[in-house]
Structures are given as structure tokens and as C-alpha cells.
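Report on the structure given below.
The values are calculated or read from the model by the stated rules, or taken from the named source; none is laboratory data. All figures in this text were calculated on a predicted structure; none of them were measured in a lab. Ideal geometry is used to build each Cβ from the backbone, glycine not excepted, and the neighbour counts take in all protein chains shown. In case anyone asks, the SASA skips ligands and DNA or RNA and just uses the protein heavy atoms, side chains included. Shrake-Rupley method; radii C 1.70, N 1.55, O 1.52, S 1.80 Å.
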Protein chains: 2
Amino acid sequence: MESIVKTDSRGRKTVLNACTEPCAIEKGMRLIGGKWTGSIIYHLKDSPVRFNDLGRMLGGASKKMIDQRLKELEARGMVVRKVINDRPVAVTYELTEFGRSALKILEDLRVWSEANSI
Amino acid sequence: MESIVKTDSRGRKTVLNACTEPCAIEKGMRLIGGKWTGSIIYHLKDSPVRFNDLGRMLGGASKKMIDQRLKELEARGMVVRKVINDRPVAVTYELTEFGRSALKILEDLRVWSEANSI
DNA sequence: AGATGTAGGTTACTAAAAGTAAACTAATTG
DNA sequence: CAATTAGTTTACTTTTAGTAACCTACATCT
């Protein structure tokens, strides 16, 4: 991660240790940083939540967005979808251990964000 | 942040403490989470960096993106643009105290991201 | 002198993602 | 029976992201 810009004798520049394509920060952001992704993970922190309840909690995110994000999170193994009832279809989403491992970062982000009351 | 879904006697649901529009996590993500934003902040952590050097370090981000992100970061007071030379125009970008305050989160994100080598 | 390279951008245009609104199946309540 | 809830899906519009070429000014190489 220590990128070093090297200048040769003729003023030409090259970088040693450049971020190999998307670097760790960028990769991490792509797991956690998508629009609404962090909020969804954070709202699942205490217990499994049902689809529409999540929508109500998130205020501002469309059903399509939530659906899309949940599917991405499921594909990455951060969230599990569980059908808890058939007759009237009822589904909950909950965090996996991996999903849970992101909570610390999100909690820090929340504290930082609130401290800078933007 | 403790959203509670309340169900009334007739099964109607409402949420207490819903995320008031974009909640803290979401707001924080909008400061730090945009594409390349986190990476840019992180690469400015040690010293001021020049525009094109940043481009070389980030590998994969276009000049337009970097320019756009730097302008946003400047507008939010997270980064300062400094003209260090006129004859051949030379510019550096460096973090403000506020910008610097985001580094801990980014560092944690990097560690998490690398640990889960995605 | 003329071609090439560097720095710091801007412009025009295309592709991909986000957002909105409505529709759909199936069951439940009044 | 009409209205409501749950969990999506579809069609369509608006924003963003990304690409590539271009521009001004200075410096160096041949």
C-alpha cells in the first residue's frame, strides 16, 4: 500500500507499488460501500428482519434497491435469506458470520458520521 | 438507530425510529464511499500528492473521476488544493484535519478487506 | 526547428447503475 | 367483496461512471 512515485534521471515518472487495479480499500468499498449496502447490513445487526420491515427502516430506499442489494449480499455470503412461513409467504434476512464481521467498521463509520453531523 | 417495527391490533405496521431519510451510515458512506473516494483519501495519508501522481497510484481511475472526486472532497473540506508552482503549473492535494479523521475507518476497512482476501 | 513528453485539466459521448411507479400473485382482514 | 400486506418483478427515466480525445504551457531530445 506504500505507493512510491519514482522520478528517473530524465524526469520520467513511474509508480512502484501502485494499487493493483482495485486496491484493498476499493475492494472493501465494493463490498460494503454500495448505495444502501452498509445501511442494510447495519439494520440486520440485532436480529433477522423481514423484507418490507427493512424497507420501512431504511426510509428512502426503493424496494428494487433493497432487493438488489440483498441479492448481492446473499451471493457474497454476507446475508442469508430464510423463508419462515409458507401460507402467507414470509421471509427474513439475517447476517452470516462474514456479514457480522463488517459491523465494527460500520459502527465506527456511524460514530464518525454523527460526530461530524453532516 | 434502534428501529422498532410496531404491529398494531389489526396487523398494520409502522416503524418507530426509522432512519430519517439517509441515516448516519448512509451519510457517512456518501462522504467516504463514492467510487474512488476512499482510495483517494487513503493515498493522501502520508503527504500531499500531485494530481497525476494520484492517477498513477490509483491505477484504474480516470482523470475525470479523480478530478471530480477531488473537487467534491475539497467542497466538503476534506482535502485542500495547493498550487505549489506557477511556471510549469504544479498542484498538490492534501488532507485537512477533517479528511484525516476518516483515515482510521479506511485503515480498518483495508485490514478487513485484506483479511477476507476477496 | 520539430517531435515527444509531462502536468493539469476540460469536453463530448457511451455505458452502466440508481430511482420511480406500477403491476402481479397469493393470502388476510373487515 | 374491497382493501391491505408481503414479496417481488417489469418497464422506463434520470444520474453516475467511464473512455477517449483534446487543450495550454513548459521542457527535453534529436
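With r defined as the distance between the Cβ atoms of B:Asp67 and B:Glu97 and R0 fixed at 22 Å, what FRET efficiency is calculated, to the nearest 0.05? Let's see the in-between values first.
On the way: r = 23 Å, r/R0 = 1.07.
Between B:Asp67 and B:Glu97 the formula returns 0.40.
With the full set of protein chains in place, find how many percent of the accessible area of the stretch A:35-115 is carbon and sulfur; take the probe as 1.4 Å.
Details: 2060 of 4020 Å².
The C+S portion of the solvent-accessible surface of the stretch A:35-115 is 51 percent.
Contour minus end-to-end for B:Val89 and B:Val111, with contour as 0.36 nm per residue of separation and end-to-end as the Cα-Cα distance? Spell out each step's value before the answer.
On the way: separation 22, 0.36 × 22 = 7.92 nm, distance 3.68 nm.
Separation in residues times 0.36 nm, less the Cα-Cα distance, equals 4.2 nm.
Which shape class, rounded, prolate or oblate, goes with the stretch A:76-118 when its Cα gyration tensor gives a ≥ b ≥ c as root eigenvalues, a/c under 1.5 marks rounded, and past that a/b bigger than b/c marks prolate? List each step's numbers first, then the result.
Values: a/c = 5.62, a/b = 2.22, b/c = 2.53.
Judged from the Cα gyration tensor, the stretch A:76-118 comes out oblate (a/c at least 1.5, b/c at or above a/b).
Am I reading the A/B interface right? What is its buried accessible area, both sides, 1.4 Å probe, to the nearest 100 Å²? Could you put the intermediate results ahead of the total?
Details: alone 8490 and 8480 Å², together 12490 Å².
When A and B are taken together, about 4500 Å² of accessible area is lost.
Using label points projected 7 Å from each Cα along Cα→Cβ, tell me how many nm separate B:Lys82 and B:Asn52, to one decimal.
Here the answer is 2.1 nm between the modelled labels.
In sequence order, what are the phi-derived ³J(HN,Hα) couplings for the stretch B:64-72 according to the Karplus relation 6.51 cos²θ - 1.76 cosθ + 1.60 with θ = phi - 60°, rounded to whole Hz, with x for glycine and proline?
With coefficients 6.51, -1.76 and 1.60, one gets 4, 4, 4, 4, 4, 5, 4, 5, 5 Hz.
What accessible area per residue comes out for the stretch B:48-118, rounded to a whole number of Å², with a 1.4 Å probe? Intermediate results must be reported in sequence, preceding the final value.
On the way: 3880 Å² over 71 residues.
I get 55 Å² per residue for the stretch B:48-118.
Does the stretch B:33-115 classify as rounded, prolate or oblate by the C-alpha gyration tensor (a ≥ b ≥ c root eigenvalues; a/c under 1.5 gives rounded; else a/b over b/c gives prolate, otherwise oblate)?
On the way: a/c = 1.92, a/b = 1.54, b/c = 1.25.
Note, shape of the stretch B:33-115 comes out prolate.
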